[in-house]
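As structure tokens, the structure follows; a few thoughts come after it.
The values are calculated or read from the model by the stated rules, or taken from the named source; none is laboratory data. These numbers come from a predicted model, not from an experiment. We place every Cβ from the backbone using ideal geometry, glycine too, and count neighbours over all the protein chains shown. Heads up: the accessible areas ignore ligands, DNA and RNA and are worked out on the full protein's heavy atoms, side chains in. Shrake-Rupley method; radii C 1.70, N 1.55, O 1.52, S 1.80 Å.
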Amino acid sequence: MSYTLKEMGQRGVPITTFPVIDAHAHFDFNENNEAGIADRLRRMDRTGIAWTIVSTGLSLGAEFKRGNDRAAALVELHPDRFGAYCHVSGNYPDIAPAEIERCFASGLFKGLKLYQTDVDFDDPRFDGIWEVVRKLRIPVLAHTWGDNLTNFDKAARTCPGIPFLAGHAGSAFAYRKYIDAALRTPNLYLDLSYSREHTNMIETMVTAVGANRVVWGSDVATFSMEHQIGKVLFADLTDDVKKQILYSNSAEIFNLKFADFTN
Amino acid sequence: MSFKIFDSFCGIGRWAKRDIITPSTVDEVVAQLDRFGISRALVYSNRIRQLSQADECNQTLVEMINNNERLIPAFSLALNPYEADNGVDSCFGLMRDAKARALWINSPFASKKLTHSLRRWQLGEWLDRCSKAKLPVLLYAEGLPPDNIDTLCREFPDLKVILTSVMYSGDSFLYPLLRAHPNLYVSLGHMYIPAGNPELFVRHHGYKRLIFGSGLPDFSPGGMITHVMYADISDTAKSAIFSDNLATLLNEVEL
């Protein structure tokens, strides 16, 4: 029997019609063991999340090499289920570019993750980072919040054609800021990971910027991936649009092939 | 298997700072309930979030509900310091007539602007009456110091307290509170979504103290539904969380 995506959410059955990609996730200390990883995979299987790209809290805390190595180790264990973000910071411009090159030389990383650290993303301290991004053509996900995108869109415009994902788009209900930023920045994508689920917000974003620039991420293990996927499953959108948000946009951004996944 | 859903955290009616994409009227909110398969909702008047006159908010709440059996009134605390009983008798009479089944003791989305104490010296008459009537009280937790919750539960040990808007990162204070106070309950709405839940909560506290809530009209219920439906817990637990727990609490009310 075939169900709509909404019906799958209503019934609590895994999404099997396409491989769901989680474009914004974390992997941290308390999961970094056999049981933790097994639990993560079980949860992904129960919802139908085929592949998740993670960064680590260690890197967020400026332990870049250790944190990125932890993400890489997870990918080595389960290359068909996980990808890794290389996480660096503009507050360490002396080491960030080399760390990005180191990570991507390994072949285990698929994107660059940045956090807001009181330095605007178009600050000269980020110049070295954007140089490497342009050279290696790396998709970038950044934590942004509420009214303050900290010029992430401006930075995106210095790297035309490279996907820049604005994390937590619409947070603090500032969805218009994100929409406006996306409308003036053709390579800016709106990442939906956010603890709240403002009524009609996803639909408004899709209408304004187009379904091809809205991307799903869960921000797990900050909070529940099972909650986050419901935001899209129940959205007042067609299943084709939901598939774009949950799968095909990220597949294109991270250059993932359907055949890579086994559900 | 499908489950009945009873929403513990839902507002109706207009309020001053509403964004244009957010539903507000009764018809719009009921349409949302229909869309998400929610059979009933415990509703408050959205105007109370602007700290408007609570007694007028309660009156308009009843008017808006207009005998719709799917919408169960949750009144707002209508303190009257000019009456000897602080307004209790008057409000309880109105609640009885309106078949209200719960009472908000602070304002949704306005907890940082708490205009009264939650202590016995201010709310004693009210909360003793609620305890006696088994009328649950709703408490908006976001921004509220956890000490307030602990003190409330200690001073009124028989009071049923439903916390809403506990953050997903709130377990550090929530778990000790739940262990200390058996009459404390938690609504999922609008962001009690820690990773690993609701399994973790059920493992530690059982399934009878977790209650479905959405945060409508501001927050859409879809994620909360999948938060429970995809959980590795029994159907009994899911049914309890989705509706049985709230129904049990509200059926015990003796106004």
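Tabulated results
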| quantity | calculated |
| --- | --- |
| Identity of the residue in the range A:5-20, open to solvent by 60 Å² or more (accessible area, probe 1.4 Å) and assigned to a loop (DSSP other than H, G, I, E, B), that ends up nearest to the other protein chains (Cβ to nearest Cβ) | A:THR16 |
| Filter result (touching a residue at least 60 places away in the same chain (Cβ under 8 Å) and part of a loop (DSSP other than H, G, I, E, B)) within the range B:1-14 | B:MET1, B:PHE3, B:LYS4, B:ILE5 |
| Failed item in (1) open to solvent by 10 Å² or more (accessible area, probe 1.4 Å); (2) more than 7 Å from chain B (Cβ to nearest Cβ); (3) within 17 Å of the chain's Cα centre (by Cα); (4) of a type outside the set (Lys, Arg), with A:ASP236 passing the rest | (3) |
| Pairs where the first residue, in the range B:90-119, is more than 15 Å from B:GLU56 (Cα to Cα) and of a type in the set (Lys, Arg) and the second is surrounded by fewer than 20 Cβ atoms within 10 Å (Cβ to Cβ) and at pLDDT below 95, C-beta under 7 Å, 6+ apart | B:ARG96/B:LEU255; B:LYS112/B:GLY143; B:LYS113/B:LEU51 |
| Tabulated pairs, the range B:15-34, first away from chain A (no Cβ under 12 Å), second open to solvent by 30 Å² or more (accessible area, probe 1.4 Å), C-beta under 6 angstrom, 6+ apart or interchain | B:TRP15/B:ARG47; B:TRP15/B:GLN50; B:ALA16/B:GLN50; B:VAL26/B:MET64 |
| Positions within the range B:156-185 being in a loop (DSSP other than H, G, I, E, B) and within 14 Å of chain A (Cβ to nearest Cβ), in sequence order | B:SER165, B:VAL166, B:MET167, B:TYR168, B:SER169, B:GLY170 |
| Selection from the range B:23-43 of residues that are closer than 18 Å to B:ASN67 by Cα and not in a loop (DSSP other than H, G, I, E, B) | B:VAL26, B:ASP27, B:GLU28, B:VAL29, B:VAL30, B:ALA31, B:LEU33, B:ASP34, B:ARG40, B:ALA41, B:LEU42, B:VAL43 |
| Verdict on B:ILE105 being on the phi < 0 side of the Ramachandran plot, away from every other protein chain (no Cβ under 14 Å), among the β-branched types (Val, Ile, Thr) and open to solvent by less than 10 Å² (accessible area, probe 1.4 Å) | yes |
| Members of the range A:21-68 found to be among the β-branched types (Val, Ile, Thr) and surrounded by fewer than 24 Cβ atoms within 10 Å (Cβ to Cβ), listed by number | A:ILE37 |
| Scope the range A:199-221; condition facing chain B (nearest Cβ under 7 Å) and either surrounded by fewer than 24 Cβ atoms within 10 Å (Cβ to Cβ) or free of Cβ contacts under 8 Å to residues at least 12 places away in the same chain (or both); matching residues | A:THR199, A:ASN200, A:THR204, A:ALA221 |
| Residues satisfying the stated conditions in the range A:144-197, i.e. surrounded by 21 or more Cβ atoms within 10 Å (Cβ to Cβ) and in a strand (DSSP E or B) | A:PHE164, A:LEU165, A:ALA166, A:GLY167, A:LEU188, A:TYR189, A:LEU190, A:ASP191 |
| For A:ALA172: the one exception among (1) more than 9 Å from chain B (Cβ to nearest Cβ); (2) touching a helix residue (DSSP H, G or I) at 6+ places or on another chain (Cβ under 8 Å) | (2) |
| Candidates B:LEU216, B:LEU188, B:LEU246, B:LEU255, filtered to the one that is more than 13 Å from chain A (Cβ to nearest Cβ) and open to solvent by less than 10 Å² (accessible area, probe 1.4 Å) | B:LEU246 |
| Residue ID - nearest to the other protein chains (Cβ to nearest Cβ), chosen from residues in the range B:1-14 that are surrounded by 18 or more Cβ atoms within 10 Å (Cβ to Cβ), within 20 Å of B:MET224 (Cβ to Cβ) and of a type in the set (Gly, Ala, Ser) | B:GLY11 |
| Residue check for B:LEU118: within 18 Å of the chain's Cα centre (by Cα) and more than 25 Å from A:PHE223 (Cβ to Cβ) | yes |
| Subset tally (residues that are buried (at least 23 other Cβ atoms within 10 Å of the Cβ) and away from chain A (no Cβ under 14 Å)) for the range B:191-213 | 1 |
